[in-house]
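These notes concern the structure reproduced below.
The values are calculated or read from the model by the stated rules, or taken from the named source; none is laboratory data. Computed from a predicted model, the values in this text were never measured in an experiment. Every residue, glycine as well, gets a Cβ built from its backbone with ideal geometry; the counts of neighbours run over all protein chains shown.
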Amino acid sequence: MAFTDFTPGTRVVLAQDAKDFRIYDDSIWNGESGLCTSAVVSIRHIDDDEVAIDYDDYDLIPGGVTTKFDEYLSTDGHLIEIANLTIDGVAAADRFPDGYYEITVTYDDGTYVAGSEPYYKNTQAFLAKYRCMKRTMPALLLTWPITDMVRRKNDDIYTLGLYLDAAEYAADLEKKVEFRKFIALIRSLVDYYAVPEPW
């Protein structure tokens, strides 16, 4: 018997060091979460050249064990560490690269034909590196007293924050073209000020 009154949804929060993200269930289950026998997280990073990098699927109910799924359903969510992820069977990098991500959770109760299972795709901007670079800029660039030059730098740091927020909103709305424009502006600013890589 398929889910009868289920509306899938998720929320994703990337760690500041880009080594993991926490995924929360925002679904409306209407008492049917106990029927779920499979919940698989698929992670896709689409790079600047529109090449999709697919991480190997991450099972929230491996071998029928629901520990991860129970965490996912809880208010604390479930932590997915990049150290536990692979790409084509090979260990992934040590951090999630900044960029445009699609994180999809597919659910099953054992009755769906393959490809017809309910799912939720969450589009995200992972920007931990650029946000870290922005946080280092005041110490690198600002001095006292505030001259016109220092004020201009301060304005650029503030503007960078606006671009980062705008890139995240664009990704949330699946506006990849707008996301790319904001990323180009972000890169231009950090390159102009020669902000060092944080990791």
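Examine region 19-30 for a residue that is under 25 Å from Lys175 (Cβ atoms), modelled with pLDDT of 95 or more, in a loop (DSSP other than H, G, I, E, B) and assigned by TED's automatic domain parsing to the domain that holds Leu73, and state whether such a residue exists. For region 19-30, residues under 25 Å from Lys175 (Cβ atoms), modelled with pLDDT of 95 or more, in a loop (DSSP other than H, G, I, E, B) and assigned by TED's automatic domain parsing to the domain that holds Leu73: present.
The set of residues in region 106-135 being touching a Gly at 6+ places or on another chain (Cβ under 9 Å) and either assigned to a loop (DSSP other than H, G, I, E, B) or among the polar types (S, T, N, Q) (or both) consists of Asn122, Leu127. Taking the criterion of being of a type outside the set (A, V, I, L, M, F, W, C) and more than 25 Å from the chain's Cα centre (by Cα), the only residue of region 117-139 that qualifies is Pro138. Of the residues in region 47-54, at least one is in the same structural domain as Glu117 (by TED's automatic domain parsing), acidic (Asp, Glu) and touching a residue at least 60 places away in the same chain (Cβ under 8 Å). On the stretch given as region 159-173, residues that are more than 20 Å from Gln16 (Cβ to Cβ) and part of a helix (DSSP H, G or I) total 2.
Please work out which residue is surrounded by the fewest Cβ atoms within 10 Å (Cβ to Cβ), limiting yourself to region 37-67 and to residues that are of a type in the set (A, V, I, L, M) and outside any loop (DSSP other than H, G, I, E, B).
It comes out as Ala52.
When Gly89, Gly99 are checked against the criterion of being in the same structural domain as Leu35 (by TED's automatic domain parsing), surrounded by fewer than 11 Cβ atoms within 10 Å (Cβ to Cβ) and touching an Asp or Glu at 6+ places or on another chain (Cβ under 8 Å), Gly89 stands alone in meeting it. Restricted to region 1-22, and to residues there that are within 9 Å of the chain's Cα centre (by Cα) and β-branched (Val, Ile, Thr), the residue that is nearest to Val113 (Cα to Cα) is Val12.
Screening Asp70 with (1) part of a strand (DSSP E or B); (2) surrounded by fewer than 16 Cβ atoms within 10 Å (Cβ to Cβ) gives one miss only, at (1). When region 174-195 is filtered for residues that are touching a residue at least 60 places away in the same chain (Cβ under 8 Å) and part of a helix (DSSP H, G or I), the ones remaining, listed by number, are Lys176, Phe179, Arg180, Ile183, Val190. The listed residues are Lys121, Lys181, and the only one of them that is of a type in the set (Lys, Arg) and not assigned by TED's automatic domain parsing to the domain that holds Pro62 turns out to be Lys181.
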